[in-house]
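Working notes, structure below.
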Amino acid sequence: LVVAFKEDNTVAFKHLFLKGYEDGADDTHAVYTRQDLLEHLVYALEKVARGHRGGTGTSGWLGTPGGVGDTGRSWGHRGGTGTSGWGFGVAAFPDPSPDPTECLWVRPGDPRPPALDGSDGNFTLQFHKLINVTVEFQLKAINIQTLLNNEIPDCYSFGVTITFDNRAHSGRVRIRLDTRAAIRECRHPALPARGDNSFRLSFDVLVVAVCSLSLVLCARSIARGLLLQREWSRFLRRRRGRSVPLSDRLGFLNGWYLLLVTSDLLTVLGTVLKIGIEAKNFSGYDVCSILLGTSTLLVWVGVIRYLTFFQKYNILIVTLRVALPNVMRFCCCVAVIYLGYCFCGWIVLGPHHVKVGS
């Protein structure tokens, strides 16, 4: 629900703020004349200044109504390189630079946004050295689909950036809209939580406790194996005058314990992030899913260890373990050939593809 909500809002913003936008036209949405650029920019500014009226979603302005927005412009000198930026509700250019920057403030809800043809004396687009124009503002949205799971709605803030990219100066100004979503705490929710998450929280805490205990025990076993390896090497060096090769010393290091330590660590971190997400204090779904997914993979790989207790499976697993170095060498050779093919395609076909042309 969360991923679909973010993607649906992004598509809705593109249809609301980009003039003439069509689904699937992210790579081809562009303008070619100055008049079209001004019309598309004025269209976006009017949509922003009118307070995002007309949408069917639950999104709205972030902050109090009538808040001010910041509009910035920056040009380059001595070489013709420069940037122009627009911002609403946030500082458009916090990074200090030697280029001069001009800013004017726009109030969301103003029926008369600033003119871009120089008639208001505040803002003029100089196309011969225009690099890009960005419109930045923030919106808030509420995901009420969580009510299906007996949870309170999720509140999000969307940082929307509309970019008119003219870096290539090829006569084609690309237009794109990017969003940055962050979960926020809903203030004074009118609808209390109908579900009880105490059982789920207790289960997550139990998982963290069990995995932490397993992590400590496996780490202790690994440490004892390393100490035994050190004592054995010292004994052979003093009594027999022999040095222990690395392959023999690695025999004291149990690879299954290393696998368990890694999976337990990833499980603990992923579960903690999951608790933070359910508490509406964290929105890193990608990081959480990567940690929990990787830990699940390692856990299922660790199940192979218990198959070694059966004779038939043990023979197969021992064969795989002996053949693993040769398999890894084969994979390295295949990877080198594959990388060569990728770089060849990148060099030969890359300039002709719209996604990797730059």
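The values are calculated or read from the model by the stated rules, or taken from the named source; none is laboratory data. In this text, all values refer to a predicted model and were calculated from it rather than measured experimentally. So basically every Cβ, Gly included, is an ideal-geometry build from the backbone, and we count neighbours across all protein chains shown.
Couple of notes before you dig in:
- The numbered conditions (1) surrounded by 18 or more Cβ atoms within 10 Å (Cβ to Cβ); (2) more than 25 Å from Ala182 (Cβ to Cβ); (3) modelled with pLDDT of 85 or more are all true for Leu16 except (2).
- Residue within the stretch 235-243 that is more than 30 Å from Ser157 (Cα to Cα) and either modelled with pLDDT of 85 or more or β-branched (Val, Ile, Thr) (or both) present: no
- Of everything in the stretch 132-150 that is crowded, with 17+ Cβ neighbours inside 10 Å and either aromatic (Phe, Trp, Tyr) or modelled with pLDDT under 80 (or both), the residue that is farthest from Ile175 (Cα to Cα) is Thr146.
- Within the stretch 247-304, the set of residues being modelled with pLDDT of 80 or more and outside any helix (DSSP H, G or I) comprises Leu253, Asn254, Val303.
- For the stretch 157-173, a residue qualifies if it is buried (at least 19 other Cβ atoms within 10 Å of the Cβ) and either outside the structural domain of Thr134 (by TED's automatic domain parsing) or in contact (Cβ under 8 Å) with a residue 40 or more places away in the chain (or both), and the qualifying residues are Phe158, Val160, Ile162, Phe164, Val173.
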